[in-house]
Structures are given as C-alpha cells and as structure tokens.
1. Tell me which residues, restricted to region 465-484, are modelled with pLDDT of 85 or more and either touching a Ser or Thr at 6+ places or on another chain (Cβ under 6 Å) or of a type in the set (D, E, K, R) (or both).
2. Of the residues that sit in region 320-346 and are within 25 Å of Arg70 (Cβ to Cβ) and modelled with pLDDT under 90, which one is surrounded by the most Cβ atoms within 10 Å (Cβ to Cβ)?
3. Enumerate the pairs (first residue in region 262-278 and closer than 19 Å to Ala219 by Cα and in contact (Cβ under 8 Å) with a residue 12 or more places away in the chain; second residue anywhere and assigned to a loop (DSSP other than H, G, I, E, B) and of a type in the set (Asp, Glu)) with beta-carbon separation below 9 Å, excluding pairs fewer than 6 apart on the same chain, so at least 6 apart or on different chains.
4. So Ala133 passes all but one of these: (1) buried (at least 24 other Cβ atoms within 10 Å of the Cβ); (2) of a type in the set (A, V, I, L, M, F, W, C); (3) in a loop (DSSP other than H, G, I, E, B). Which condition number does it fail?
5. Mind checking which residues of region 411-423 are touching a Phe, Trp or Tyr at 6+ places or on another chain (Cβ under 6 Å) and under 30 Å from Pro239 (Cα atoms)?
6. Take the conditions crowded, with 20+ Cβ neighbours inside 10 Å and among the acidic types (Asp, Glu) and apply them to Glu74. Does it pass?
7. Return the pairs, sorted by first residue and then second, in which the second residue is surrounded by 14 or more Cβ atoms within 10 Å (Cβ to Cβ), the first residue lies in region 28-46 and is part of a helix (DSSP H, G or I), the beta carbons are less than 6 Å apart, and the residues are 6+ apart or on different chains.
8. Does Thr242 qualify as being surrounded by fewer than 21 Cβ atoms within 10 Å (Cβ to Cβ), within 27 Å of Leu472 (Cβ to Cβ) and either in contact with a Gly (Cβ under 6 Å, 6 or more places away or on another chain) or not assigned by TED's automatic domain parsing to the domain that holds Ala321 (or both)?
Amino acid sequence: MAAASSTTTSTAPATDERVALSATRTEYDPRRIAVTVDRRASARQVAAVFAGAGVELEQAVRQIHAYLVRVAPERQAAAVRALRASPVVVRASPDVVAHALDTTPNDSEWPLQTGLRVVGLPRAWDTSRGSAALVVAVVDTGVDGNQPDLRGAVVPGVNLIEPTALPRDDHGHGTAVAGVVAARANNGQGMAGVCWFCLIMPVKVLDSSGSGDDLRIAAGIVWAVDHGARVINLSLGGPGSTPELEAALAYASHKGAIAVAAAGNSGTTLRFYPAADVNALSVAATTTADHPYTWSNYGPWVDVAAPGCNVAPAHGGGYGAFCGTSSATPIVTGLAALVLSAHPGATPAVIQGAIERGGTPLPGVVQFGRVDAPRALAAFGATARRTEVERGKLSRTRSTRSYDVQSGLGSFRATVRFRSGSIVTLALESVATGARLAQKTGRSPLRLSEPVAGPVRVVVRGVKGTPVRFVLTLSFNDPGTSSG
C-alpha cells in the first residue's frame, strides 16, 4: 500500500489582519428554493407537489407553512415554474443567501488556502474550531512535530516500521496530511488547519518511500483506537484489501472511531482500499470550481469529495502545494473532528450522515457531493432528524428483510452496507399505499434518498440461497417535529 500525492514549495507574503466585507447585493442560492404553501395543504399534498417538481425537501418550518427544497442548479428555473403552477403553493423563489461575519485567521498562507474557503470553513469556524480533547490519528509516514504550525499539536504515537524509534516523518507525506487536518491557526504564521485545536497522533505504518503492508496498517488502526483516537485519517491505499484490514476498520467503528480514506489517484472508477471498505468514509478530489481532477478516482462507490490541492507543510521546512486524494481526505477528516468536537457523543454513522447530508451534489462523480462544512454542522444539529442502525442477515432460506419506520414529512435516507462481491436490492415502499417509492440493486454500499409523507417500509433483498450480513442505516424526520 502506498501514499500518492505531490508537494511543491511555495510561499506567500504575510498579510495584515482583515475583516471580511459584507455583500452589498442580494445573493441567491442556485441549489435551493424557498416555498410557502397554503395553510390548508396536507403533508401528503405537499410531498406530492415536491415529488412532481423533482425537488428534495431539506427543511420545513411548519408553523409558518414554509419549506426549503434542494434542486440541481440547471433545473432550478424549471422547478420554480412547476412549483408556482401548483394551487397548493403560495410562493416559490430561489432562496436568498445570508452570511455570518466569518472567522478569518491571520495566518500568512491563508490567502492561498482557497480549498478551505470553498468548503465554507470560515463560516464553520464560527460554530466549531475543534477541541483539544479530540485526537486525530494520522496513519501514514509519521509526523514532524517540530514543524512550526504543528508544535503543541502532536501527542505520543507509535512507529510500526521501526518499533524502537519515534514516529518521525522521513518522507513528508504524513506531515503534510497532519498540517491540513490541524495546523495551529490564527498564530500569524504559516497556514490554518481545518481543526484548530484538535490533537494529532502520529502512527507510522509507511516507510521512507511511502509504502507499507496492509497488516501493519491494520495494526496501526487498532493501536490508534486503543489509545484514544476518535478520527482516523488514511491517505493511503491500493486496489486490493485483506480480511485483517477489514477487521481493523470494523473494530474502529465498533469502538466509536470514524475512518476517513482517500479514494485513490488512478482516474478510474476502480475500487480502492481501504476507502471502499464499508466502514470507511471515502473521499475523491475536486478542483475549487467543483470539477473532478482527472487523476482522482470517482464513481458511485465514493462517498464525498473535497478540494484536492491544498497548502501544507513541506518536507524539510516551509509550505507547499499538496495535491491528490491524500490532500482532499484530511479536509474531510478535519471536518469530522469539528463535528465531533461540537458533539462528542456522536457515533461514526451519525457523523458520516451529517457530512454526507451537507454535501453539494456532484452527479456522476461521488454519491453525496463535495463536502460543505457549515451544512454538515447544521445537519448534525437538526434536532428533528433521527438516525437508526439495524444489523441483519439474509440467510439461504430467508432472502428478504423488511423494516417499518415511523417517518415524518421530509427526506428519508437509507444506506445498506455489506461485504464486497455480494449483490443486494434496497427498496423503499409506502406503508399506507404499498407503492414502491424507490429501489436500487448492486454492490455495497447502496443508498436511497426520497421525499416521503409518512411511515415507510425499507426492504433489503438478496439473491436467493446466498447468505449476506448487512448494516442498514436509516435517517429520517421525527413524525412529530419534522424539519427536513
């Protein structure tokens, strides 16, 4: 297994502290529509109108009969026309955007950190800047704790290449990753990490050439979890996996740690491990204009994307451009750490769900889009949203399992994960009418997202005669307090 990224040296002059200027013109969200409906409209009528217009419910403020719906930018105008044509709809218009007075760091390299601004980190830092109680394991080539922006951020780790040595970085890759995750911010020098106050645990599993074997990586994951890491960055991988690596990732998830892994840099839809494992959050790389890099792996098996070229500490000193899915991954790792810092009791499934729900859609690139930090934090904080996890087994004699869920009005999301190589069908049905709402068949993971107006039945169906164990994650609105 190897790490694959490139780093070049660059510097930027120091800048004065500046206040971000407020906008003077109204800004409209190209992906969202604000809708007000007739106060006499039923939940079922509203859901039918939204389904007919091809929009997805994000939030409902039922007290004032108002809804926020999501739509692809190229379909926004048509969706507005369709909504306005309904007698149920009182008003439908592109939503107006407001901005907080962003937390802007004074680090000298901050003007070059475009990728962090693309994912909305200045606004997210108004909500969470991380916690010194949160430990992020960088399972990689080691970390240079003497790098100025990482001083005070590194806790004791382990060297599994040379067990008697400290986990120093003799390659540079791990230090670059650690800088993107948690470089000390607002200190007037260098760069800003995603998670300002999080701590970095160096776990050296790759040698000076950036290579290592799966068993050692598995050992590093287990060691990190056993020593307090809640988030694990895996900017490494290869096209194959092993039972030991799968077991280590399952162990981490069971212990409450979320693993974030790079999707690979071969520019194909080929599955890359450990990113493609059911217990990893996989990350592709995109440009600051939300286009996929030609070298980034992509496809329906990849969960999210993040900017793939970022400022990072360079090997031997200074700062440089750090590009690859190895660079995109620590942005998502840092975001997971921000969410966990704000909500330390969150499970890996809940954290992943919040990050996925907040994504900016990238059809054909990844499942849930490019990550958006403010929306991830807001999605997590929605008190009306519920997440349930069911573990089940399809046996040789029983190839179908079904679950009735008391969902409220809003978007219902179901994800089923199972061992690679198996074929499973995931279906969503209305309990009231028995109508099939959505269905998908294929390899793990399978995901459905559908606007619903009441209780639904989730069906997991396998190939007759083939046993399969699965994990089903359901996310929906509480029927008493739906807010989408």
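1. Pro467, Val468, Arg469, Thr473, Ser475
2. Ala346
3. The qualifying pairs are Ala275/Asp303.
4. Checking Ala133 against (1) buried (at least 24 other Cβ atoms within 10 Å of the Cβ); (2) of a type in the set (A, V, I, L, M, F, W, C); (3) in a loop (DSSP other than H, G, I, E, B), the one that fails is (1).
5. Once the filter is applied, which keeps residues that are touching a Phe, Trp or Tyr at 6+ places or on another chain (Cβ under 6 Å) and under 30 Å from Pro239 (Cα atoms), region 411-423 yields Val416, Phe418.
6. no
7. Taking only residues 6 or more apart or on different chains, the pairs are Ala43/Leu409; Ala43/Ala453; Arg44/Ala453; Gln45/Val88; Val46/Val37.
8. no
The values are calculated or read from the model by the stated rules, or taken from the named source; none is laboratory data. No experiment lies behind these values; they were computed from the predicted model shown. A quick note on method: Cβ atoms are made from the backbone with ideal geometry, for glycine too, and the neighbour counts reach across all protein chains shown.
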